[in-house]
């Protein structure tokens, strides 16, 4: 609570001083609070909107000092999870909403995707095994890699359905104690 | 999707001039690859140096592009950027495709 309260105090002081139009003047750079470790993005369930969300996510992770390799890992996982929501949760073609809530903390990065589409029905999340690629080139699988990539690149995946909302939580390790510095 | 192609020494190089082969692009990519590899050399190199992101839909489309070329023909990859290389490595598709650092180097070596 210390952070937000401190910020409110600054805002009140500034408003008393120099804001004749009643709007909050921009804080000087030195007084600007550290970039929030928590943010929220939104998309509709279409391929192009998912692209925009992934691009916005990458920009925010970069701005918070995450290394490029980890930004890539997060984008691969989120792309797969988002594609699943577009293709399965909203399979009826209805372009419903998708929320992404990201929290960057000492324990890692946690991303929670929420949607109001069809719930996952299988008991438990897919195991995400690598499809058999030992076959002849002509028999290679062209799909089935999504959950494998999600499982391979995350520390933990949780799914929860409540009140008509699905929440898929994806946890990533950070490279070191100062890895998220920014 | 518009693909660029050149042909040298019996090897066709196909360049993808887009940043992503993802769910939004996979089908267009696969169709464009079918058109560009329908005839011509049996050896094709797909230059992915301008592609910085491939998801599992894009990976599936690249595999499909290789399969639709038919037996006896060969699709190599070149110029994988870091996130794309990661997807190929994790799914072990780097053991299925011959992957060159650069498309032009691959043409020189394979043709020589």
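Brief remarks follow.
- Separation between Cα centres of segment B:14-72 and segment A:66-107, rounded to whole Å: 24
- Our summary gives segment A:25-147 a relative contact order of 25 percent, counting only alpha carbon pairs under 8 angstrom and 6 or more residues apart.
- Per-residue Cβ neighbour rank within 10 angstrom, fewest leading, B:92, A:60: B:92, A:60
- Averaged over the residues of B:16-28, the number of partner chain Cβ atoms lying within 10 Å of the residue Cβ comes to 3.
- Taking the fewest neighbouring Cβ atoms within 10 Å as the starting point, the ordered list for A:159, A:90 is A:159, A:90.
- Inter-chain neighbour count for A:140-147: the average number of beta-carbon atoms from partner chains within 10 Å of each residue's beta-carbon is 6.
- Most to least packed among A:147-158, A:92-103 [average Cβ atoms within 10 Å]: A:147-158, A:92-103
- Peptides ranked, highest mean first, by Cβ atoms within 10 Å: ranges B:66-74, A:166-174: A:166-174, B:66-74
- Only helices enter the 222 nm calculation for chain B: every DSSP H run of n ≥ 4 contributes -39,500 (n - 2.57), and dividing by all residues gives -11000 deg cm²/dmol, rounded to 500.
- The mean sequence distance of close C-alpha pairs (under 8 Å, at least 6 residues apart), as a share of the length of chain B, puts its relative contact order at 28 percent.
- Shielding score for A:83-96, defined as the mean number of other chain Cβ atoms within 10 Å: 1
Where a number appears in this text, it was derived from the coordinates with a stated rule and is not lab data. Everything quoted here is computed from the prediction, not taken from an experiment. Methodologically, a virtual Cβ is constructed for each residue, glycine included, from the backbone with ideal geometry; neighbour enumeration extends over all protein chains shown.
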